[in-house]
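Peer 1: I have a structure I would like to understand better, so I am pasting it below and will then ask my questions one at a time.
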Amino acid sequence: MMKFKLFLTVFLCSLFLIACQPEPVLLSGDILFEDDFSTRENQWTSLVNDGGVMNYDASGFRFYIKDAGLNYWATPGMNFNDVRVEVDALQYTGPIENRIGVICRYQNDQNFYFFVISADGYYAIGKMKAGELRLLGQDSMLYSSAIITGVAINHLRAECHGNTLRFYINDSPIALVEDFDFTVGDVGLLAGTFEEGGLDVLFDEFVVFQP
């Protein structure tokens, strides 16, 4: 019986060679996904409506949020477990009280983690769960001197590794929290306004690494 099972396995592998290959071992630092937005190949979520624009533009991915009190987010339609997400974010114009950041473990519009900064020097880690937004490990956005304020490029790095969420801004470790709600999902970008609209942000050099 064992010989028959071995023969059957070898026979099936000879027919379906790719399916019988061992899974590649991922090492820390391996690139899982990247996009410099020079083409539309990865088909990120886009929209144009009365509230603003979210689309490819100027060799980057642009968010223009015309109205106050809006959050937009875009995803490329991927699925990951543990990730390290990095991106460059440039605010062109608009209010310095804003939200600019990245997303991990995106399940749908109602459930995901987010890591954000504002152009006036504040940051937060949080989650959307069942449509309810809440911050993790803090009651409000906190100030960090690592953020380059005003019209500037900030390099954002978010790690979602097991139950641990880490946030780095311009290579400086800023925050670490734990949460147990989401284990897998998509990655993405996020921008939003508070009491004033007119935010214009361009993201570039989006890379997802194995943490």
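Only the coordinates and a few stated rules stand behind these numbers; no lab work does. Since we're looking at a predicted model, the values are computed, not measured. Glycine also receives a Cβ, built like all others from the backbone with ideal geometry; neighbour counts cover every protein chain displayed.
Peer 1: Could you work out the equivalent-ellipsoid semi-axes for the chain, taking the square root of 5 times each eigenvalue of the Cα gyration tensor, largest first, in whole Å?
Peer 2: 37, 19, 16
Peer 1: Okay, next question. What is the Å³ per residue value for the convex hull set by the Cα atoms of the range 120-161?
Peer 2: Expressed per residue, the convex hull around the Cα atoms of the range 120-161 is 107 Å³.
Peer 1: Something else: Mind giving me the nanometre distance, one decimal, between the label points for Arg134 and Ile31, set 7 Å out from Cα along Cα→Cβ?
Peer 2: 3.8
Peer 1: How tilted is helix 2-15 with respect to the longest principal axis of the chain? Cα atoms for both, answer in degrees (0 to 90, nearest 10).
Peer 2: The two axes meet at around 50 degrees.
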